[in-house]
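**Student:** I have a structure I would like to understand better, so I am pasting it below and will then ask my questions one at a time.
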Amino acid sequence: MATLGMWKLVQLFGRLYGDKLYLLPYKTSISNRQMLLIRNISRKRRYFKIFCTLCAFGHTLFCFASLCKPFFTRKGQTDPFLPGMSEAVRVVRVYVQILAALLPSTFLPMSYVIAFRPVVAEVILCKIIQFQKETQELTGIKTTHKHLVVELGMNVILWISFTMLLPVVVTGLYLQIDPLHVVVVRTAEENNTILPLLTRSMITLLVAYDIATAGNAFFIVGLMVVCSTNDMIQDLRCKPSFRHDLITRFKEITLYRKLFLWNKYTNQNFCSFSVPPLIFFGISVVVLTYFGTIRMWGKVGFFLYLAVPALSVFATCFIVIMIPYAARVLEFSENLILIRLGETSVSKFERKTWKSMRPLGIQKLECGSFSVCGLCKTPCYAGLDKAN
């Protein structure tokens, strides 16, 4: 389940990216095991987060447009903005443009949720402690599962992304390999002013920290959800001794329905539009970082080169840790349903009820499913409160 260490990491994440960078509108209560949305947040702070998200979206589009530019220019024609550029610098700049286009595309949906629909993350995380208490009362299991590898991965990625991002971005700006350099260099030379250079540096830093916030939020929230769901279903599946009580069996059915509504709300409001970009662009980033680890050797400074293998390690850890836990949700829920259908002590009504249940898991967008929460403005988690 969501351990105390995970909630402490959520609080640390809020302090680093919320209190210091003003990119998170949440406050974490460790005693209550909840992440609460700050309702009375200032307008400047709210607009600042929206501005960062829009900058990340515009910067990503610009990188894709820059990558498409060679297809519309004549062969052998030099770039008028960057005359006399060496081949090594050209290779590094193209690589940085590809990475700057793919990496933000992976986490832009999470940035959108934090900026425009922040209540979604609050609803998803605040229901975990309620389901954990109901599962413990139902099964009698009071000990919590330990996820030391998950907590260690979350802690390492959180600290390194926060401390190393600024020097890496500043080094890239100094070496003039950032994507916005091709636009700013001519403007600064013609107008003989430093304002374009400051604007370029500010936008690059805002985009970098916004994507780092979204990536850490995706990693932390996703792992907390899948770990908690796996542990609760595993406790229900591995504790058959209480099944002789009819009232207890009905409580288990009610709890599974609540978990299904919670899972449906998560899929409709987040997973349906965030998981496909995560899989497609995330795998592309992994392949690109491994390629860059080999290709960039000797072409950039040693300190800047270390960012490429470090990013490849983080991307690999993200996939290696996240995907197996997410796959177990579907596996454990299917096994739970099959076990309940195979028991001989259940009534005909209970067997039909379990037969109508669907397994939990991450689902992509289905036709018409998003309109439940998006168009009608009716929150799916209302059914969770009615079921209490």
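The values are calculated or read from the model by the stated rules, or taken from the named source; none is laboratory data. Given the structure is predicted, the values throughout are model-derived calculations rather than measurements. Ideal geometry is used to build each Cβ from the backbone, glycine not excepted, and the neighbour counts take in all protein chains shown.
**Student:** Quick check on segment 294-326: of everything there that is of a type in the set (G, A, S) and assigned to a helix (DSSP H, G or I), which residue is surrounded by the fewest Cβ atoms within 10 Å (Cβ to Cβ)?
**Tutor:** Once the filter is applied, the top-ranked residue is A310.
**Student:** If you go through segment 43-51 one residue at a time, do you hit one that is of a type in the set (S, T, Y), within 22 Å of L205 (Cβ to Cβ) and touching a residue at least 12 places away in the same chain (Cβ under 8 Å)?
**Tutor:** Let us first name the residues in segment 43-51 that are of a type in the set (S, T, Y), namely 47.
The next check asks that each one be within 22 Å of L205 (Cβ to Cβ); those that pass are 47.
Remaining after also requiring touching a residue at least 12 places away in the same chain (Cβ under 8 Å): none.
No, the conditions are met nowhere in segment 43-51.
**Student:** I'd like to check something: does segment 322-344 contain any residue that is more than 21 Å from C238 (Cα to Cα) and among the β-branched types (V, I, T)?
**Tutor:** Looking through segment 322-344, at least one residue is more than 21 Å from C238 (Cα to Cα) and among the β-branched types (V, I, T).
**Student:** Next up: Please go through segment 236-245 and give me each residue that is modelled with pLDDT under 80 and either among the aromatic types (F, W, Y) or in a helix (DSSP H, G or I) (or both), ordered by number. Let's see the steps before the verdict.
**Tutor:** So in segment 236-245, the residues modelled with pLDDT under 80 come out as 238-245.
Listed by number, the residues that qualify are S241, F242, R243, H244.
**Student:** Inspect segment 152-168 for any residue being touching a Pro at 6+ places or on another chain (Cβ under 9 Å), part of a helix (DSSP H, G or I), farther than 21 Å from A56 by Cα and modelled with pLDDT under 85 and give the result as yes or no.
**Tutor:** Within segment 152-168, none of the residues are touching a Pro at 6+ places or on another chain (Cβ under 9 Å), part of a helix (DSSP H, G or I), farther than 21 Å from A56 by Cα and modelled with pLDDT under 85.
**Student:** Assuming T289 fulfils every condition listed in (1) over 13 Å from F107 (Cα atoms); (2) surrounded by fewer than 22 Cβ atoms within 10 Å (Cβ to Cβ); (3) not hydrophobic (A, V, I, L, M, F, W, C) apart from one, which condition is it?
**Tutor:** (2)
**Student:** Additional query: Take segment 327-357 and flag every residue that is surrounded by 14 or more Cβ atoms within 10 Å (Cβ to Cβ), without any contact (Cβ under 8 Å) to a residue 40 or more places away in the chain and among the β-branched types (V, I, T).
**Tutor:** Hit for segment 327-357 is I337, nothing else.
**Student:** What pairs come up if the first residue lies in segment 219-232 and is assigned to a helix (DSSP H, G or I), the second is of a type in the set (F, W, Y), and their beta carbons are under 7 Å apart, counting only those six or more places apart or on different chains?
**Tutor:** F219/F318; I220/F13; L223/Y325; V226/Y325; C227/Y325; N230/Y325; N230/F332; M232/F131
**Student:** When residues of segment 272-325 are filtered for being of a type in the set (F, W, Y), under 28 Å from L360 (Cα atoms) and free of Cβ contacts under 8 Å to residues at least 60 places away in the same chain, how many remain?
**Tutor:** Applying the first criterion (of a type in the set (F, W, Y)) to segment 272-325 yields 273, 280-281, 290-291, 297, 302-303, 305, 314, 318, 325.
Remaining after also requiring under 28 Å from L360 (Cα atoms): 273, 280-281, 314, 318, 325.
Among the residues that remain, those that are also free of Cβ contacts under 8 Å to residues at least 60 places away in the same chain are: 280.
Of the residues in that region, 1 qualify.
**Student:** One residue is enough: does segment 242-257 have a residue meeting the conditions touching a Pro at 6+ places or on another chain (Cβ under 6 Å) and not basic (K, R)?
**Tutor:** no
**Student:** A follow-up question, please. Which condition from (1) closer than 30 Å to D245 by Cβ; (2) part of a helix (DSSP H, G or I); (3) touching a residue at least 60 places away in the same chain (Cβ under 8 Å) is the one that E137 breaks?
**Tutor:** E137 satisfies every listed condition except (3).
**Student:** Follow-up question, since we're still on this one. If you take the residues of segment 13-34 that are part of a strand (DSSP E or B) and either at pLDDT below 90 or buried (at least 21 other Cβ atoms within 10 Å of the Cβ) (or both), which of them is nearest to the chain's Cα centre (by Cα)?
**Tutor:** The qualifying residue nearest to the chain's Cα centre (by Cα) is Y26.
**Student:** In the list R257, R295, which residue meets the criterion of being at pLDDT below 85, charged (D, E, K, R) and out of contact with any Cys (no Cβ under 8 Å at 6 or more places or on another chain)? Even if it seems obvious, please write down each step before you answer.
**Tutor:** Numbers: R257 fails: at pLDDT below 85.
Checking each option against the conditions leaves just R295.
**Student:** When the residues of segment 358-369 are filtered to those that are surrounded by fewer than 17 Cβ atoms within 10 Å (Cβ to Cβ) and within 19 Å of K258 (Cα to Cα), which remaining residue is modelled with the highest pLDDT? Reasoning before the result, please.
**Tutor:** Residues of segment 358-369 surrounded by fewer than 17 Cβ atoms within 10 Å (Cβ to Cβ): 358, 364-369.
Then drop every residue that is not within 19 Å of K258 (Cα to Cα), which leaves 358, 369.
Values: R358: 88, S369: 35.
Taking the candidates together, the pick is R358.
**Student:** Just to be sure I understand, how many residues within segment 205-218 are among the hydroxyl-bearing types (S, T, Y) and without any contact (Cβ under 8 Å) to a residue 60 or more places away in the chain? So that I can check it myself, show each step before the final result.
**Tutor:** Initial filter on segment 205-218 (among the hydroxyl-bearing types (S, T, Y)): 209, 213.
Keeping just the survivors that are without any contact (Cβ under 8 Å) to a residue 60 or more places away in the chain gives none.
Going through segment 205-218 one residue at a time, the tally reaches 0.
**Student:** Here's something else I'd like to know. Return yes or no: is R45 under 25 Å from Q132 (Cβ atoms), in a helix (DSSP H, G or I), at pLDDT 90 or above and charged (D, E, K, R)?
**Tutor:** Considered against the rule, which asks whether it is under 25 Å from Q132 (Cβ atoms), in a helix (DSSP H, G or I), at pLDDT 90 or above and charged (D, E, K, R), R45 comes out as no.
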